[in-house]
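Beneath this line is the structure, given in structure tokens, with notes to follow.
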Amino acid sequence: MDRGWQGEATPRWRVLLDRARVGPGQAPAQQGMPGQVEWRTAQAPTEADREVAILRRELSGPKVLAFANPKGGVHKTTATVLAAATIGGARGRGVLAWDDNELRGTLGLRAGSARHARTIRHLLRDLVQLENAPIYEMAERVDDYLRHASDGTYDVLAGEENPRFAQRLDQHTVRRVLELLCRTHDIICVDTGNNVESANWQTVLRACDQLVITTVPREDAAFTADWMIDLLHEIGLGELANNAVTVLSCATPAEPPLLEELRRHFGQRTRVVVTVPFDPSLETGSSIDYGLLQPNTKRAWLAATAAMMSRL
């Protein structure tokens, strides 16, 4: 990896594009489709029907999806929440979103109903007792530390919200938490932090079944995502990077000038690129309510999550 391209006149992703402008990028999500799709018995299944079937199918075991990009402000938390909401809405149960930021994260504030103030800190305090609980009681006991989406489609394990209690999780502890959550849930969507050198971040990436790279169509965000891909190849996770799903989130109503170029670039570096449109209900940065999304946004997230789940 060329570590010096921060100072280059032309970003590396642009150089790669110029070298290999082959094939069209992923088409934007179609507009106007409903977010919840019912099975049709009188006609051939639509693409949306097939995507719902992918989300609903039986899995060989619990699966972990890691949402990553070391830069802040690239819709990691939004993507984690909306993926959990979409998958949970199709499956009906067994989906959890975990805010695994090392320091103060916001997922617990933006998703789920805060019926209590318990966070990962409280779960860690009682981790031994939870691990040793009888199997028939484990889900109920773990539930005491979780928050829930207002429509019940997914659960939330909040990160620590008080910076005085911010805690860095070591490799062993992260694995224990993941193993516990995999005993109570089928799908765990993890909102990773920004420190790629931390044992916490690397443990989640090494343990996940599907990497989801989130970015917005800006040069700084694309640079950081590209840098992370190079890093993953360096630390022996090249296959994970190659099989990643890249989610390009539009932050404005108008199509950004870089969008098509970034589709092509990340289409060469990852398995698939999906684009999700701007949605005014997400603009405020406050609570994320899946029910308030526009139909075309729900349709785009259905396609995005089907891509994430298609090889699990």
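Figures for the structure shown
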quantity: Answer from Pro34, Pro70 - the residue that is at pLDDT below 90 and either closer than 28 Å to Cys250 by Cβ or in a loop (DSSP other than H, G, I, E, B) (or both); calculated: Pro34
quantity: Single residue of segment 226-265 satisfying the filter (surrounded by 19 or more Cβ atoms within 10 Å (Cβ to Cβ) and small (Gly, Ala, Ser)) that is modelled with the lowest pLDDT; calculated: Ser249
quantity: Odd one out for Ile235 among (1) free of Cβ contacts under 8 Å to residues at least 40 places away in the same chain; (2) under 30 Å from Glu58 (Cβ atoms); (3) β-branched (Val, Ile, Thr); calculated: (2)
quantity: Given (1) modelled with pLDDT of 95 or more; (2) touching an Asp or Glu at 6+ places or on another chain (Cβ under 6 Å); (3) of a type in the set (Gly, Ala, Ser), number of the condition Ala199 does not satisfy; calculated: (1)
quantity: Count of residues meeting criterion [buried (at least 17 other Cβ atoms within 10 Å of the Cβ) and not aliphatic (A, V, I, L, M)] in segment 295-312; calculated: 6
quantity: Total residues in segment 291-312, condition touching a Leu at 6+ places or on another chain (Cβ under 7 Å) and either basic (Lys, Arg) or part of a helix (DSSP H, G or I) (or both); calculated: 5
quantity: Number of the exception - Pro134 against (1) farther than 28 Å from Arg91 by Cβ; (2) modelled with pLDDT of 95 or more; calculated: (1)
quantity: Test: residue in segment 185-193 that is at pLDDT below 95, under 18 Å from the mean Cα position of the chain (by Cα), surrounded by 21 or more Cβ atoms within 10 Å (Cβ to Cβ) and of a type in the set (S, T, N, Q); calculated: yes
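The values are calculated or read from the model by the stated rules, or taken from the named source; none is laboratory data. For clarity, every value in this text was computed on a predicted model and none was experimentally measured. As a convention, Cβ positions derive from the backbone with ideal geometry for all residues, glycine included, and neighbour counts pool all protein chains shown.
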